[in-house]
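Single-structure report; data block below.
The values are calculated or read from the model by the stated rules, or taken from the named source; none is laboratory data. This one's a predicted model, so the numbers in the text were calculated from it and none came from an experiment. Cβ atoms come from the backbone with ideal geometry, glycine included; neighbour counts cover every protein chain shown. SASA here: full protein model, heavy atoms, side chains in, ligands and nucleic acids out. Shrake-Rupley method; radii C 1.70, N 1.55, O 1.52, S 1.80 Å.
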Amino acid sequence: DTEVTQTPKHLVMGMTNKKSLKCEQHMGHRAMYWYKQKAKKPPELMFVYSYEKLSINESVPSRFSPECPNSSLLNLHLHALQPEDSALYLCASTTIGEGDTEAFFGQGTRLTVV
Amino acid sequence: SQQGEEDPQALSIQEGENATMNCSYKTSINNLQWYRQNSGRGLVHLILIRSNEREKHSGRLRVTLDTSKKSSSLLITASRAADTASYFCATDELNDMRFGAGTRLTVKP
């Protein structure tokens with residue numbers, strides 16, 4: 001199984017809502033990533049978890065709250081978002097410390113904040 | 001923040017022609033990777049080149065790496081309409097993976 005599964009595929013939420021994005025992989029990867037991607041732009045790193053611990057936080061606003069409850073699951077909790085947070089949110093996973101760290105990506109969640 | 005710049009930003013060619021994309025990066029790296037993205041969905045890994053390698057081939061793909069210039073290039077030979085996509089380079093340093101600006105490739109049938 002070389003899949004990274006993201007749910008939901010699409011999400012529309014109001015600025016006062018609370019929602020969560022979910023990402024799951026069963027490849028035994030111990031690094032998991034959240035990226036944000038705006039149209040015609042590259043993926044922008046938000047968070048990295050290594051061995052279920054937050055290792056990189058790219059000064060992301062606190063309205064985005066990541067969580068890694070176990071080695072297979074990564075969540076991104078959303079609260080009080082702004083319309084400019086509308087984007088494609090991508091999850092990825094890799095091995096750690098094995099040299100050739102090919103990343104596997106989910107298909108993303110297309111988020112629209114209204 | 002993103003890792004670096006890619007050029008060209010957009011490239012349009014005819015089927016059968018070769019496509020070359022360039023990537024520059026800023027920091028030291030363990031390896032450099034190229035990814036493809038169709039229609040704003042998930043990225044797919046194409047090829048990885050280690051920092052101690054200068055050139056690598058995989059099928060119709062050829063990647064070069066010049067660590068002294070902090071640059072890489074991706075060549076797609078004998079392009080097909082199905083190669084139409086965005087292509088990104090990515091650098092990886094201790095699981096800190098960042099992407100270049102990307103090249104949007106259009107291959108016309």
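Look at the stretch A:34-42: the mean tally of other chain Cβ atoms within 10 Å of its residues' Cβ atoms is 4. For A:LYS36, the aspartates and glutamates whose Cα falls under 14 Å of its own Cα, not counting residues fewer than eight places away in the same chain, are A:GLU44, A:GLU58, A:GLU84, A:ASP85. Could you sort the residues of segment B:86-101 by number and keep only those whose accessible area is reduced by 50 Å² or more in the all-protein-chain setting relative to the chain alone, 1.4 Å probe? SASA drop of 50 Å² or more in segment B:86-101: B:ASN95, B:MET97, B:ARG98, B:PHE99. I'd like the FRET efficiency for B:LYS56 and B:GLN9, computed as 1/(1 + (r/R0)^6) with the beta carbon distance as r and R0 of 25 Å, rounded to 0.05. The pair B:LYS56/B:GLN9 has a calculated efficiency of 0.55. Of the residues in segment A:43-80, those shielded by at least 50 Å² of accessible area once partner protein chains are present, compared with the chain alone at a 1.4 Å probe, are A:PRO43. Which residues does a label at B:ASP66 reach in segment B:5-35, if reach means a backbone N under 13 Å from a point 7 Å past the Cα toward the Cβ? Under 13 Å, as judged by backbone N against the label point of B:ASP66, lie B:22-25 of segment B:5-35.
Once A and B are treated as a pair rather than alone, how much accessible area drops out, both sides summed, in Å² to 100, probe 1.4 Å? For A against B, buried area totals roughly 2000 Å².
For segment A:10-18, backbone phi angles converted through the Karplus equation (6.51, -1.76, 1.60; θ = phi - 60°) give residue-by-residue couplings of 10, 8, 10, 9, x, 5, 9, 6, 10 Hz, Gly and Pro being listed as x.
Within the accessible area of the protein assembly as shown, the carbon and sulfur atoms contribute 48%, probe 1.4 Å, all protein chains present.
Here's the picture: charge each Lys and Arg Cβ at +1 and each Asp and Glu Cβ at -1 in segment B:3-56, and of B:SER51, B:GLY40, B:TYR25 the one pushed furthest to the positive end of that dipole is B:SER51. Between the residues A:TYR49, A:HIS10, A:CYS68, the greatest Cα displacement towards the positive end of the dipole of chain A, with unit charges on the Cβ of Lys, Arg, Asp and Glu, is found for A:HIS10. This model, with +1 at the C-beta of Lys and Arg and -1 at the C-beta of Asp and Glu, gives chain B a dipole about its Cα centre of some 140 debye.
Pairs exceeding a 30 Å alpha-carbon distance, out of A:LYS19/B:LYS70; A:LYS18/A:LYS53; A:LYS19/B:LYS26; A:LYS40/B:LYS56; A:LYS53/B:LYS26; A:LYS19/A:LYS41: A:LYS19/B:LYS70; A:LYS19/B:LYS26. Computed 3J(HN,Hα) for segment A:105-110, one whole-Hz value per residue from the Karplus formula 6.51 cos²θ - 1.76 cosθ + 1.60 where θ = phi - 60°, is 10, x, 7, x, 10, 8, glycine and proline marked x.
Each peptide in B:91-100, B:11-20 was scored by the mean count of other Cβ atoms within 10 Å over its residues; highest first, the order is B:91-100, B:11-20. Each peptide in A:20-29, B:63-72, B:31-40 gets a packing score, the mean of other Cβ atoms within 10 Å over its residues, and the list from highest to lowest is B:31-40, A:20-29, B:63-72.
Counting only protein heavy atoms and using a 1.4 Å probe, the accessible area of A:LEU54 comes to about 80 Å².
The charge dipole of segment A:1-104, taken about the Cα centre with unit charges on the Cβ atoms of Lys, Arg (+1) and Asp, Glu (-1), comes to about 520 debye, rounded to the nearest 20. Taken one residue at a time, the phi angles of segment B:46-60 give Karplus couplings (6.51, -1.76, 1.60, θ = phi - 60°) of 9, 6, 10, 10, 7, 5, 9, 9, 10, 8, 8, 10, 8, x, 8 Hz. Gly and Pro are set to x. Comparing each chain alone with all protein chains together (probe 1.4 Å, DNA, RNA and ligands left out), the residues of segment B:42-65 losing at least 10 Å² of accessible area are B:GLY42, B:LEU43, B:HIS45, B:LEU48, B:ARG50.
Heavy-atom accessible surface of the protein assembly as shown, averaged per residue, reaches 47 Å², computed with a 1.4 Å probe.
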